[in-house]
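One structure below.
The values are calculated or read from the model by the stated rules, or taken from the named source; none is laboratory data. Values in this document were obtained by computation on a predicted structure and should not be read as measured data. Cβ sites come from the backbone with ideal geometry, for glycine too, and all protein chains shown count toward neighbours.
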Amino acid sequence: MTVQMVRELGEAAHLAARALALVVPEVKNRALTAMADVLWNGRAAILSANALDLAEARSQHHPPAVLDRLALDERRIEKMAAGVRQVAALSDPVGEITRMWPRPNGLLVGRMRVPLGVIGVIYEARPGVTADAAALCLKSGNAVILKGGREAIRSNRVISSLLADAAMGSGLPKGCVAFIDSVDREAVTHLLQLTGLVDLIIPRGGEELIRAVQRTSTIPILAHDKGLCHTYVDEGADLTMAEEIAFNAKVDRPGVCNAMESLLVHERVASLFLPRIVRRLQEAGVEVRGCPRTRALVQGIASATEVDWDTEYLDLILSVKVVGSFEEAVAHIAAHGSGLAEAIVTADHSRAMRFLREVDAGAVFVNASTRFTDGGEFGMGAEMGISTQKLHARGPVGLTELTCEKFIVFGEGQVRDSTK
């Protein structure tokens, strides 16, 4: 039964995608506005379902990071709806001609943005992803099949139903927003095998989920991998600025992928900076684990092991390392970073530019918190996730990243001379 259900959703989405690719921006924007309205108007039903999901998650002793991602309140629903409205306000990428150039034979060659087709989104305890994914896919002309995690099944069921009804009621094709209403793990496997019906899979969740999808899928994947983010405090940095950036990057929302997991501090400022930032972090409930040089400067903190440098805590835990040079900091990031986001705090422009060039990540910051790694914060509206791979998109994934380009060619009767 699960096989048949998933395949029927795929077939309906495939048909919907063909129609959706031709829908004009005005109709898509009207649908998105209706979807935003229905999220807010349906908040009582959403919160009721979410309360049941949260109660079950607590009874199963899920960690705080999962509970934080799962929980909804009126503020988060309002933000969810605002994200959908932001997507409606963005320029429509479909049909955009990005470049045109003439050829010696008179042909005019160009590139045009087109939808990908059907996008399958597999995610864990983030009911907000349901709205973000639906809005971004529809605006970029793609149908979407949503497969949320068991933890948020009730919340996702209500949200997806509201969104699908609003979309179809506004003139979008039936099947353009599909939800796999099953907690059966085999449903994911079946979705990952819908080659020819689904064009792209986007998994959002922990490392275990990402690896499982990569092992199983016969469909191309755009992976939102783990976030092992660093902040490097350079010699000569404004230490007051560095303190605010490091504190925000760790404490604001420790359970998200763009939170800082390791703090690197140049040895020339370590004795001034570390006691003050560690004390403030500890007052906020952060467990600090330090290298030997860090522990020599700040008493009473745990020892960081080699495992710590490769751990995405998603919690109020931070590993700290004193480095002897800019080069050592960059080498540490290269060895242990996940490629999501990295930051430097420095007053030296040349080192800032070196950091931007030499550090390999989807987003690289100078004198700002890694917490800004977010499509909304970058002016992209809601985001589908943050890609840590390099093909075909990297960093926050918004509307443009959910399209591809096709070549378009204008001629005046030219034919190719095969003898040349």
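Observations, loosely collected:
- Of the residues contained in region 208-223, one or more are found to be in contact with a helix residue (DSSP H, G or I) (Cβ under 8 Å, 6 or more places away or on another chain), under 23 Å from residue 5 (Cα atoms) and not aliphatic (A, V, I, L, M).
- One residue from 395, 376, 385, 362 being out of contact with any strand residue (DSSP E or B) (no Cβ under 8 Å at 6 or more places or on another chain), within 23 Å of residue 252 (Cα to Cα) and buried (at least 16 other Cβ atoms within 10 Å of the Cβ): 376
- Some residue of region 278-285 being outside any strand (DSSP E or B), touching an Asp or Glu at 6+ places or on another chain (Cβ under 8 Å) and modelled with pLDDT of 95 or more: yes
- Per-region count, region 244-257, residues at pLDDT 95 or above and under 24 Å from residue 307 (Cβ atoms): 4
- Failed item, numbered, when residue 241 is tested on (1) touching a helix residue (DSSP H, G or I) at 6+ places or on another chain (Cβ under 8 Å); (2) aliphatic (A, V, I, L, M); (3) in a helix (DSSP H, G or I): (1)
- Residue 144 assigned to a strand (DSSP E or B), under 19 Å from the mean Cα position of the chain (by Cα) and crowded, with 24+ Cβ neighbours inside 10 Å: yes
- Scanning region 190-208 for residues being assigned to a helix (DSSP H, G or I), touching a strand residue (DSSP E or B) at 6+ places or on another chain (Cβ under 6 Å) and modelled with pLDDT under 95 gives a total of 0.
- For region 48-67, the condition of being in the same structural domain as residue 200 (by TED's automatic domain parsing), under 21 Å from residue 139 (Cβ atoms) and at pLDDT 95 or above holds for none of the residues.
- No other residue among 88, 135 is at pLDDT 95 or above, out of contact with any Ser or Thr (no Cβ under 9 Å at 6 or more places or on another chain) and crowded, with 19+ Cβ neighbours inside 10 Å apart from 135.
- Scope region 209-238; condition among the small types (Gly, Ala, Ser) and either in the same structural domain as residue 277 (by TED's automatic domain parsing) or not in a helix (DSSP H, G or I) (or both); matching residues: 217, 223, 227, 236, 237
- Region 17-47, residues that are within 19 Å of residue 166 (Cβ to Cβ) and either outside the structural domain of residue 187 (by TED's automatic domain parsing) or more than 25 Å from the chain's Cα centre (by Cα) (or both): 19, 23, 24, 26, 27, 30, 41, 42, 44, 45
- Residue, farthest from residue 366 (Cα to Cα), within region 244-277, restricted to residues that are aliphatic (A, V, I, L, M) and not in a helix (DSSP H, G or I): 256
- Single residue of 363, 368 found to be in contact with a Pro (Cβ under 9 Å, 6 or more places away or on another chain) and at pLDDT 95 or above: 363
- The requirement of being among the aliphatic types (A, V, I, L, M) and buried (at least 21 other Cβ atoms within 10 Å of the Cβ) is not satisfied by residue 334.
- Some residue of region 107-114 being in the same structural domain as residue 58 (by TED's automatic domain parsing) and either crowded, with 24+ Cβ neighbours inside 10 Å or without any contact (Cβ under 8 Å) to a residue 12 or more places away in the chain (or both): no
- For region 287-308, the tally of residues that are within 19 Å of residue 257 (Cα to Cα) and surrounded by fewer than 19 Cβ atoms within 10 Å (Cβ to Cβ) stands at 2.
- Matching residues, region 338-357, being of a type outside the set (Ser, Thr, Tyr) and surrounded by 23 or more Cβ atoms within 10 Å (Cβ to Cβ): 339, 340, 341, 342, 343, 344, 345, 355
Here is a yes/no grid of residues against (1) within 18 Å of the chain's Cα centre (by Cα); (2) of a type outside the set (Ser, Thr, Tyr):
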site: 231; (1), (2): no, no
site: 235; (1), (2): no, yes
site: 260; (1), (2): yes, yes
site: 268; (1), (2): no, yes
site: 273; (1), (2): no, yes
site: 279; (1), (2): no, yes
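- Some residue of region 408-416 being of a type in the set (Asp, Glu) and under 30 Å from residue 77 (Cα atoms): no
- A single entry from 171, 205 fulfils the requirement of being assigned by TED's automatic domain parsing to the domain that holds residue 148, touching a residue at least 60 places away in the same chain (Cβ under 8 Å) and surrounded by fewer than 20 Cβ atoms within 10 Å (Cβ to Cβ): 171.
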